[in-house]
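Presented below is the structure to which this report refers.
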Amino acid sequence: MRWWDLDRVMELEEELFPEDAWSRGMFWSELAHARGRDATRHYVVAESGPRLVGYAGLAVFDRTGDVQTIAAARDHWGTGLGARILTDLLTAATAFECREVLLEVRVDNARAQRLYERFGFEPIGIRKGYYQPGNVDALVMRLADPATASTATTANAETGESATDPVHSAAPANPASATNTANPANPATSVQGTETHG
């Protein structure tokens with residue numbers, strides 16, 4: 001994700017998460033930490049032709065990855081796009097040498113929880129009233145070693161599940177190399193990574 005993607009990112013953000021959408025300033029703040037030798041963020045967008053159909057971000061703090069946000073356009077739900085984006089984030093976490101990856105997901109979003117479980121995430125707690133203003137609890141999930149998940153994620157990407165929940169954390173995040181992974185189900189959809197250096 002780069003600054004010129006933000007108009008399209010904001011359009012999708014506000015469509016998918018009208019109650020708790022991130023502001024443009026929050027995305028700018030995250031992208032400020034996504035480039036250069038000291039990068040601690042990895043943000044990607046997924047495109048289908050000229051259209052932005054998904055995006056996601058990872059923050060890294062003391063070798064712990066934190067999935068900040070992940071989203072897929074409604075007409076791409078069930079296509080495996082969420083799995084491909086999550087695979088990109090876990091590849092980035094591995095490049096950052098993360099020992100674990102954490103995320104929050106709405107307790108009422110069973111679809112996203114199933115996706116995360118297939119990647120090896122396990123529930124470790126609840127954050128009461130995390131999603132505001134709806135006062136919805138967040139399930140906190142943890143993946144013990146993102147490097148071990150990478151072999152399983154290729155198969156998972158073809159199962160058709162897609163995460164659609166924003167996993168917005170208090171402080172949003174991105175890793176060390178650019179990606180351009182074609183969507184095997186739809187060659188027109190690709191995941192574009194930031195150009196960062198670790």
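Observations on the structure shown:
- Test result for MET26, in contact with a Pro (Cβ under 7 Å, 6 or more places away or on another chain), modelled with pLDDT under 95 and either under 23 Å from PHE119 (Cβ atoms) or open to solvent by 10 Å² or more (accessible area, probe 1.4 Å) (or both): yes
- Scanning the stretch 75-126 for residues that are farther than 10 Å from PRO146 by Cβ and of a type in the set (D, E, K, R) gives ASP75, ARG84, ASP88, GLU104, ARG106, ASP108, ARG111, ARG114, GLU117, ARG118, GLU122.
- A Cβ distance below 7 Å, combined with a sequence gap of six or more or placement on separate chains, defines the contacts here; from the stretch 12-27, residues that are free of Cβ contacts under 8 Å to residues at least 24 places away in the same chain reach residues that are open to solvent by less than 70 Å² (accessible area, probe 1.4 Å) and not in a helix (DSSP H, G or I) in the pairs GLU14/ALA21.
- All conditions in (1) at pLDDT 90 or above; (2) assigned to a helix (DSSP H, G or I) hold for GLN68, with the sole exception of (2).
- Any chance GLU14 is among the charged types (D, E, K, R) and under 17 Å from VAL140 (Cβ atoms): no
This table checks each residue for (1) assigned to a helix (DSSP H, G or I); (2) out of contact with any His (no Cβ under 8 Å at 6 or more places or on another chain).
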residue	(1), (2)
THR79	no, yes
LEU86	yes, yes
LEU89	yes, no
GLU97	no, yes
ARG111	yes, yes
ARG114	yes, yes
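- Test: residue in the stretch 83-98 that is polar (S, T, N, Q), in contact (Cβ under 8 Å) with a residue 12 or more places away in the chain and out of contact with any helix residue (DSSP H, G or I) (no Cβ under 8 Å at 6 or more places or on another chain): no
- Complete set of residues in the stretch 29-55 that are assigned to a loop (DSSP other than H, G, I, E, B) and open to solvent by less than 10 Å² (accessible area, probe 1.4 Å): ALA34
- The single condition among (1) out of contact with any Cys (no Cβ under 9 Å at 6 or more places or on another chain); (2) surrounded by 24 or more Cβ atoms within 10 Å (Cβ to Cβ); (3) among the aliphatic types (A, V, I, L, M) that LEU58 does not meet is (1).
- Single unsatisfied condition, ALA112 versus (1) without any contact (Cβ under 8 Å) to a residue 60 or more places away in the chain; (2) under 20 Å from VAL140 (Cβ atoms); (3) under 11 Å from the mean Cα position of the chain (by Cα): (3)
- Within the stretch 99-109, considering residues that are assigned to a loop (DSSP other than H, G, I, E, B) and not charged (D, E, K, R), the one most open to solvent (accessible area, probe 1.4 Å): VAL107
- In the stretch 119-135, residue nearest to GLY65 (Cα to Cα) [restricted to those that are buried (at least 17 other Cβ atoms within 10 Å of the Cβ) and modelled with pLDDT of 90 or more]: PHE121
The values are calculated or read from the model by the stated rules, or taken from the named source; none is laboratory data. Computed from a predicted structure; not experimentally measured. Because the Cβ atoms are built from the backbone with ideal geometry, glycine has one as well, and the counts that use them run over all protein chains shown. Protein only, heavy atoms only, side chains kept; ligands, DNA and RNA dropped before computing areas. Shrake-Rupley method; radii C 1.70, N 1.55, O 1.52, S 1.80 Å.
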